Amino acid sequence: MTNEDGKEDDSGLSTDTIGKAGEIDMSFCCASCGIAEVDDIKLTTCDANCKLVRYCSDACQRDHRPQHKEECKKRVAELRDELLFVQPESSHYRDCPICFLPLSLDGSKIMMTCCSKLICNGCWYANIMRERRESLKRSCPFCRHPVPTTDAEVDANIMKRVEVNDSAALQLMGLMQYDEGDYKSAFEYLSKAARVGDASAHFHLSLMNSEGDGVEKEVYHLEEAAIAGHPEARFNLGSIEWNNGSTKRAVKHYIIAANLGYDKSVERLKQCYSRGSLSKEDFASALRAHQTAVDAMKSPGRDAAAAEQARRRNIK
């Protein structure tokens, strides 16, 4: 290896390891024994992923653990908060795959068991109208698979998606098992869905762990769901922080949920404002963001579908 003067350097250290002043960068050294990272020695980060120190072996990490424990715990909590309090771009429902508008937070969407896609009521209604006009058989608006006509066909569709580890199908199967009283199977399906990143599965697991020894797991699942954009999970985290006296953290959660269009958070922010826990400027900003999110979920097609559903309810 050559140095800055073009002369050979026989230290064995890389130019990344040696600073411009010739000093060794300690981030490239084992935090326990001090050995530097060279071609035949590779360092790994702390298992807790604090990103503060690196080690040359498991033995060195174990030896250094008593010295590093408190600093590591503090940094991991800081990194978790940095991730937790980022405003998601959208809710965990994302956009309708047909009209590409954000899916609403209420029940005005349909999950297609054939492809596990969530379709907004506007696109669903438009597809039905098209099929009626053209005298077509009912099919999925997204993948054009025939719409199941029996419960057996619905179950078969779901199981096909479960077999390929589709997160939405796993989550749905978990809820079906829960409704039937098979809580063990429900937990297993929801856990599988959570492992592949399903926010709704994390949320339902939080509800299943909300009492007794499961409270810590409840918070973990709520956080994972909130990070993925689940507004109700975010609201519940805010409520937990509020009840624990962590007002500032609670307000942060409520603002993020409100920005996603979650109505309950707006009501809670009103209380925060009236108690002086939220400034007038931040409250006004949250109200504007909430309205923007709600408006983004609207469309003429969705309004038409809602009007048709209301008409049918009145007939009944």
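The values are calculated or read from the model by the stated rules, or taken from the named source; none is laboratory data. Remember, it's a predicted structure, so these values are computed and weren't measured experimentally. A quick note on method: Cβ atoms are made from the backbone with ideal geometry, for glycine too, and the neighbour counts reach across all protein chains shown. Side chains are part of the model used for accessible areas, which takes the heavy atoms of the whole protein and leaves out ligands, DNA and RNA. Shrake-Rupley method; radii C 1.70, N 1.55, O 1.52, S 1.80 Å.
Under 8 Å for C-alpha pairs, at least 6 residues apart: give me the relative contact order for the chain, rounded to a whole percent.
So the answer I get is 12 percent.
Roughly speaking, to the nearest percent, how much of the chain's 1.4 Å accessible area is carbon and sulfur?
Carbon with sulfur: 50 percent of the solvent-accessible area.
Under a Cβ-Cβ cut-off of 14 Å, what is the net charge of the residues other than A194 that fall near it, where Lys and Arg count +1 and Asp and Glu count -1?
Charge balance in the 14 Å sphere: -3.
Considering only DSSP beta bridges with both partners in the chain, what is the antiparallel share in %, to the nearest 5?
Bridges in the chain that DSSP calls antiparallel: roughly 90 percent.
Once each part is reduced to its C-alpha centroid, what is the distance from region 93-116 to region 59-75 in angstrom?
Their Cα centres are 46 Å away from one another.
When ligands, DNA and RNA are left out and all protein chains stay put, how many square angstrom of accessible area per residue does the chain have with a 1.4 Å probe?
The answer is 60 Å² per residue.
Looking at the square roots a ≥ b ≥ c of the eigenvalues of the Cα gyration tensor of region 165-316, which shape do they give, rounded for a/c under 1.5, prolate if a/b is larger than b/c, or oblate?
Taking the square roots of the gyration eigenvalues as a ≥ b ≥ c, region 165-316 is oblate.
State the extension gain, in nm to one decimal, for the chain segment bounded by K42 and S274, taking 0.36 nm per residue of separation less the distance between their alpha-carbons.
In short, 77.9 nm is gained.
Excluding residues on the same chain fewer than 8 positions from K192, give the lysines whose Cα lies under 20 Å from its Cα.
The reachable lysines, counting only those whose Cα sits under 20 Å from K192, are K117, K160, K184, K217.
Please list 3J(HN,Hα) in residue order for region 71-79, calculated via the Karplus relation 6.51 cos²θ - 1.76 cosθ + 1.60 where θ = phi - 60°; whole Hz, with x for glycine and proline.
Going residue by residue, I get 4, 5, 4, 5, 5, 4, 5, 5, 5 Hz, with x marking Gly and Pro.
Just need the relative contact order of region 28-179 here, percent rounded to a whole number, with Cα pairs under 8 Å and 6+ apart.
12 percent
What three numbers, in Å, describe the spread of the alpha carbons of the chain along their principal axes, ordered from the longest?
Largest first, the chain extends 86, 51, 47 Å along its Cα principal axes.
Which residues' amide hydrogens lie under 5 Å from the amide hydrogen of S139, considering only partners 5 or more residues apart or on another chain, with H built in the peptide plane?
Here V147 satisfy the definition.
Compute the semi-axes of the equivalent ellipsoid of region 203-273, taking the square root of 5 times each eigenvalue of the Cα gyration tensor, and list them largest first in whole Å.
Result for region 203-273: semi-axes of 20, 14, 9 Å.
Which value in nm describes the separation of the simple spin-label points at E188 and N243, placed 7 Å from the Cα toward the beta carbon?
3.1 nm
222 nm [θ] for the chain, helices only, -39500 (n - 2.57) per DSSP H run of 4+, per residue, to 500?
-18000 deg cm²/dmol
Lysines within cross-link reach of K298: Cα-Cα under 17 Å, excluding same-chain residues under 8 positions apart?
K109
What is the local net charge at A225, summed over the other residues whose Cβ is closer than 10 Å to its Cβ (Lys, Arg +1; Asp, Glu -1)?
For residues surrounding A225, the net value is -3.
With a Förster radius of 25 Å, plug the Cβ-Cβ distance of R133 and E308 into 1/(1 + (r/R0)^6) and report the FRET value to the nearest 0.05.
0.95
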